[in-house]
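This report concerns only the one structure given below.
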Amino acid sequence: MTFAPVIPSGGYAGWTFLKRTMATQQAALAATPEQTRDTAYFREKIATVTSAEQLVNDRRLLKVALGAFGLEDDLNNKFFIRKVLEDGTLKDGALALRLADSRYRDFSAAFGFGNFATPNTQLSDFADKTLAAYAQRKFETAVGQQNDTMRLALNAEREVAGLARKTSSEDTKWFTIMGSKPLRQVFQTVLGLPSSFASIDIDQQLSILKDKAASAFGDDSVSQFSDPGKLDKLLRTYLTRSDATTTTAGAQNSLVLQLLQAGSFGASRLR
């Protein structure tokens, strides 16, 4: 049985339907044989894992571990993932801290192999927390196969809310957004910035993002999105603008096709 989420339309209307039916749709995904097997195996085995080496050598466990942080594409990169885990996040020069993608830092910190004598896999609630994150990410992936804009909105809803609540500086939060390809895409769309924006000086990017955010939301901080109303406005704007862009592109492609067909028909009449 392959799970396919129901998304009847794009834009904010489709988003509203998805949010209203999400609990039911997530339950349907959780009931699929693959998801059931993955969940049962992880819950049974993860407490026996006390080292990064053990984790990367168990492909079934690693699949869930990486999937919980959206890193499933690294399933075959065992040496790299082991290094990320063994270095931890507390010592200077740790690999996870040197990577632009903050998901590796969150992944390494969550397992704790490089940070503590006893890793977090031994905590009583570790399996539950990891499996909840895995289920959420799996649902987002399934949604993305139907509508990638919706997937990016789900990711932004979760990631931006969490980032807004952190105690790090506002500049650090903005740099985290810039270092995340999905979040960058959402904010560039919302703030009307072109894809080439990423190629300019990083400090200039920071300044522009703050100015644009202040104009759009009345505040240049990321922390403002801890307000559910501000977060909803961010997501609504993203979905509306993405839908409008898709509609415009579709209309342009249709016009080009009509012109090409008309040209082909005219040429055939002249033969």
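Values in this text are rule-based calculations from the coordinates and carry no lab data. Everything numeric in this text was worked out from a predicted model, so none of it was measured. Backbone-built Cβ (ideal geometry, glycine too); neighbour counts: all protein chains shown.
Classify region 93-135 as rounded, prolate or oblate, taking a ≥ b ≥ c as the square roots of the eigenvalues of its Cα gyration tensor: rounded when a/c is under 1.5, otherwise prolate if a/b is larger than b/c and oblate if not.
On the way: a/c = 5.24, a/b = 1.38, b/c = 3.81.
Because a/c hits 1.5 or more and a/b fails to exceed b/c, region 93-135 counts as oblate.
If I model a spin label as a point 7 Å beyond the Cα along the Cα-Cβ vector, how far apart are those points for SER51 and LEU193 in nm?
The answer from the label model is 4.4 nm.
With log10 I(q)/I(0) by the Debye sum over Cα atoms at q = 0.08, 0.15 Å⁻¹ as the read-out, I listed [x] -0.43, -1.05; [y] -0.30, -1.10; [z] -0.42, -1.20; which label goes with the value calculated from this structure?
[z]
Mean residue ellipticity at 222 nm from the helices of the chain, using -39,500 (n - 2.57) per DSSP H segment of n ≥ 4 over the full residue count, to the nearest 500 deg cm²/dmol?
Details: 14 runs with 187 residues, N = 271.
My calculation for the chain gives -22000 deg cm²/dmol from helical runs alone.
Considering the zone a paramagnetic label at ASP232 would reach in this model (a point 7 Å from Cα along the Cα-to-Cβ line), which residues of region 1-43 have amide N under 19 Å from it?
11-23
To the nearest 0.05, what FRET efficiency results for ASP125 and THR240 with a Förster distance of 41 Å applied to their C-beta separation?
Details: r = 39 Å, r/R0 = 0.94.
About 0.60, to the nearest 0.05.
Holding the Cα-Cα limit at 26 Å, pick out from LYS45/LYS91; LYS63/LYS129; LYS91/LYS166; LYS63/LYS166 the pairs that are longer than that. If you can, show how the numbers build up before the last one.
On the way: LYS45/LYS91 29 Å; LYS63/LYS129 15 Å; LYS91/LYS166 20 Å; LYS63/LYS166 28 Å.
Violating the 26 Å limit, Cα to Cα: LYS45/LYS91; LYS63/LYS166.
Taking a ≥ b ≥ c as the square roots of the Cα gyration tensor eigenvalues, with a/c under 1.5 meaning rounded and otherwise prolate when a/b beats b/c, else oblate, which class fits region 74-196?
Taking the square roots of the gyration eigenvalues as a ≥ b ≥ c, region 74-196 is prolate.
How many angstrom lie between the Cα centre of region 1-54 and the Cα centre of region 69-146?
First find each Cα centre; the distance between them is then 18 Å.
Mind running the shape call on region 169-252? Use the C-alpha gyration tensor, a ≥ b ≥ c as the square roots of the eigenvalues: rounded below 1.5 for a/c, prolate if a/b tops b/c, oblate otherwise. Write down the numbers at each step before the final one.
Numbers: a/c = 2.13, a/b = 1.29, b/c = 1.65.
Oblate is the answer for region 169-252, as a/c is 1.5 or above yet b/c matches or exceeds a/b.
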